[in-house]
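Contents: one structure, followed by commentary.
The values are calculated or read from the model by the stated rules, or taken from the named source; none is laboratory data. Keep in mind that this is a model prediction, so the values were computed, not measured. FYI the Cβ positions are ideal-geometry reconstructions off the backbone, even for glycines, and counts take in every protein chain you see. The accessibility values were calculated without ligands, DNA or RNA, using every heavy atom of the protein model including side chains. Shrake-Rupley method; radii C 1.70, N 1.55, O 1.52, S 1.80 Å.
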Amino acid sequence: MEGISETLQVAKGISDYGIMIVICAVFLLLSSGLMVACFRWFRSSIDKLLGSLGELEVLNDRLGETNRIMRPIAEGLVPETQLRIRNLSGFAFDLSVEQVCRLIKKVREENHIADREATAAKIRKSLTVMHEDRNSRFDTFSYRGEKLSSYCNPDWVEQVAAVVEGELYNEAGANNGRAYTNVKLAYDNIKTDFYHRMNS
């Protein structure tokens, strides 16, 4: 009975409004239903895409963190990197040996070394300047994610100062050959300490 009444209503509508209006109304209803379905599908697709982008951002952050962790490890494992650092630091420490030997000679000739306190202060000031200058040059290089200067020990200044004072106040008198040998030995110990600090 329902189907017959609906058919009668459609027939009545056609006679009252004309076939074109009824077809347009049916078309509009179908179009609006299709648009609603398309919008729902489009919205669900965008939600899924945004969810995937969020997962990709998390993955990208994890990859970046892993790269930051792995770079220093990989850098430390490459023998070429260690060889370059040993060559660079070897030149720097050898230059320091020469500078300290010149400092000993200069202090002997130009200063009144009987005043031990003033001489000790001048020695430590000069050695600190040399140490900081070397560190500033090391700052441009890195190893395992740290600047090379971070592997330097400020106690080295005091070690070298003890050697310089030992040469200045040696009872056997001035001897440039002995001074060079003792300063070289001190810097060999410093180099060894530097390499141990890098690899520990």
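Counting each DSSP H run of 4 or more residues in the chain as -39500 (n - 2.57), what helix-only mean residue ellipticity at 222 nm follows after dividing by all residues, to the nearest 500 deg cm²/dmol?
For the chain, the value works out to -30000 deg cm²/dmol.
Express the Stokes-Einstein translational diffusion coefficient of the range 116-200 in µm² s⁻¹, to the nearest whole number, given a Kirkwood radius over alpha-carbon pairs, 4 °C and a viscosity of 1.567 mPa s.
92 µm²/s
Run the dipole for the range 29-153 about the Cα centre, Lys and Arg Cβ at +1, Asp and Glu Cβ at -1, nothing else charged, and hand back the magnitude in debye, nearest 20.
For this selection, approximately 140 debye.
Explain nothing, just the number: relative contact order of the chain, from Cα pairs under 8 Å at least 6 residues apart, as a whole percent.
21 percent
Roughly how much of Thr181 is accessible, in Å² to the nearest 10, using a 1.4 Å probe?
Using a 1.4 Å probe on the heavy atoms, I get roughly 80 Å².
Residues with amide H under 5 Å of Tyr143's amide H, sequence separation 5 or more or different chain, H placed in the peptide plane at 1.01 Å from N; which?
Hits under the 5 Å cutoff: Leu148.
Sequence neighbours fewer than 8 away in the same chain don't count; with that in mind, list the lysines whose C-alpha is under 23 Å from Lys191.
Correct list for Lys191: Lys125, Lys147.
Hey, what's the chain come to in accessible area per residue, 1.4 Å probe, Å²?
Here the per-residue accessible area is 71 Å².
What angle, in degrees between 0 and 90 and rounded to the nearest 10, separates the Cα long axis of helix 116-138 from the longest principal axis of the Cα atoms of the chain?
Result, in degrees: 30.
So, R0 is 41 Å and r is the distance between the beta-carbons of Gln9 and Ser45; what FRET efficiency does that work out to, to 0.05? Please report the intermediate quantities before stating the final value.
Numbers: r = 39 Å, r/R0 = 0.95.
Using R0 = 41 Å, I get an efficiency of 0.55.
Can you tell me the 0 to 90 degree angle between the C-alpha axis of helix 155-168 and the longest principal axis of the chain, rounded to 10?
Approximately 10 degrees, to the nearest 10.
For a paramagnetic label modelled at 7 Å from the Cα of Leu185 toward its Cβ, which residues of the range 97-119 fall within the zone defined by backbone nitrogen distances under 20 Å?
Label zone hits: 97-105.
When the solvent-accessible surface of protein heavy atoms is calculated with a 1.4 angstrom probe, in what order do Tyr169, Tyr143, Tyr180, Tyr195 fall, highest first?
Values: Tyr169 55, Tyr143 0, Tyr180 95, Tyr195 35 Å².
Putting Tyr169, Tyr143, Tyr180, Tyr195 in descending order of accessible area: Tyr180, Tyr169, Tyr195, Tyr143.
With Cα extents along the principal axes in Å as the read-out, I listed (i) 48, 35, 28; (ii) 133, 33, 23; (iii) 53, 35, 25; which label goes with the value calculated from this structure?
(ii)
When Lys and Arg each count +1 and Asp and Glu each count -1, what net charge do the other residues less than 11 Å away from Ser150, Cβ to Cβ, add up to? Display every interim value, and only then the final one.
On the way: positive: Arg144, Lys147, Arg197; negative: Asp139, Glu146.
Local charge sum for Ser150: +1.
Which value, in Å² rounded to 10, gives the accessible area of Val160 with a 1.4 Å probe and all protein chains present?
Accessible surface of Val160 is approximately 0 Å².
So how exposed is Lys12, as accessible area in Å² (1.4 Å probe, rounded to 10)?
Around 130 Å² of this residue is reachable by solvent.
Roughly what angle does helix 176-199 make with the longest principal axis of the chain, taking Cα atoms, 0 to 90 degrees, to the nearest 10?
20 degrees
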